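The values are calculated or read from the model by the stated rules, or taken from the named source; none is laboratory data. These numbers were taken from a predicted model, which means no experiment stands behind them. Cβ sites come from the backbone with ideal geometry, for glycine too, and all protein chains shown count toward neighbours. Side chains are part of the model used for accessible areas, which takes the heavy atoms of the whole protein and leaves out ligands, DNA and RNA. Shrake-Rupley method; radii C 1.70, N 1.55, O 1.52, S 1.80 Å.
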Amino acid sequence: MCGLAVLAASVVQTATGMGFGLLAGPLVLLVQPALVPGPLLVGTLATLVPVVWRERAALELATVRGAVLASVPGVVAGLLLLQVIDVRMLGITVGLVVLLACGASLAGVRLPGGPRALAVAGFASGTLSTVAATPGPPIVVTYRAPTPAAQRANLSVFFVGTTLLSLGVLVAGGELTGGGLAAGAGLVPFVLLGFLIAGPLRRRLALPTMRRAALVLCLLSGAALLVRSLAG
């Protein structure tokens, strides 16, 4: 089940530049909480790097640099939070964040753009990345991409930055060990298969269609996680 969730999330992430953590995070928390956040972050990184390489011509590093820098204190805050929050509360928190972010995006809510808003989103994304391998919601509803390729490239490079920071902090804080890294490596084949499957979809589906589909899937997974977590 975890492999299928990671496969589906990899397809969505590769095609749109968003959705891996939003989709895989809640689903994996439902069926195998031990894989969140550390091992799932390993899978996240394996999803992002090929996309950044393929879309490198559309990269605009200056656009997301401030958000990446702001994610550093957010990652540290996430580690501190991870040490005091229990699994049930983690599920409730992630479920609510996913529901709010996806619901807002589907409703057409657009947060103010600009460097300051991106910095705030970067801090929040860094926190969520470390806590639940779900950095997407704040940056997805804040970042404005000029083209589909720019969305995939710049969101992916931002997520690479937050994922590397979160992995480093988790290892340094003793929250991620060799066993966790090995479990994350076991997700990589599903990630790579999703990358290959998404190639034709990326060329055939309009970005708005794929984005809406991704948000609906994420909304459903977030709702399922919230209901199960509230039920205890």
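Per residue, how much accessible area does the chain show when a 1.4 Å probe rolls over the protein heavy atoms, in square angstrom?
On the way: 9750 Å² over 232 residues.
With all protein chains present, the chain gives 42 Å² per residue.
The helix-based estimate of mean residue ellipticity at 222 nm for the chain, built from -39,500 (n - 2.57) per DSSP H run of four or more residues and divided by its residue count, is -26500 deg cm²/dmol to the nearest 500.
Return a whole-number percent for the relative contact order of the chain, with Cα pairs under 8 Å and 6 or more residues apart as the contact set. Working shown, then result.
Working: 398 pairs, mean separation 92.7, N = 232.
Once normalised by length, the contact order is 40 percent.
What does the charge count near Pro115 come to, summing +1 for each Lys or Arg and -1 for each Asp or Glu among other residues with Cβ under 15 Å from its Cβ? Here the charged neighbours net out to +2. Which of rounded, prolate, oblate describes segment 89-141, given a ≥ b ≥ c as roots of the alpha-carbon gyration tensor eigenvalues and a/c under 1.5 marking rounded, otherwise prolate only if a/b is larger than b/c? Oblate is the answer for segment 89-141, as a/c is 1.5 or above yet b/c matches or exceeds a/b.
List the residue ranges in the chain for DSSP H helices whose C-alpha atoms run 27 angstrom or more along the long axis and whose Kyte-Doolittle average is -1.0 or above. Before the final figure, lay out the partial values.
Numbers: long enough: 61-82 (30 Å, 1.92); 87-106 (28 Å, 2.06); 148-172 (36 Å, 1.27); 207-231 (36 Å, 1.38).
Span-like helices, by this rule, are 61-82, 87-106, 148-172, 207-231.
Give me the percent of accessible area attributable to carbon and sulfur for the chain, probe 1.4 angstrom. All intermediate terms of the calculation are to be shown ahead of the outcome.
Values: 7010 of 9750 Å².
Carbon and sulfur together cover 72 percent of it.
The base-10 log of I(q)/I(0) for the chain, evaluated at q = 0.16, 0.17 Å⁻¹, reads -1.05, -1.21 [Debye formula, identical scatterers on Cα atoms, solvent excluded].
Between Leu181 and Ala107, the distance separating the two model label sites (each 7 Å from Cα on the Cα→Cβ line) works out to 4.3 nm.
Our note on the geometry: Cα centres of segment 46-64 and segment 124-157, 12 Å apart.
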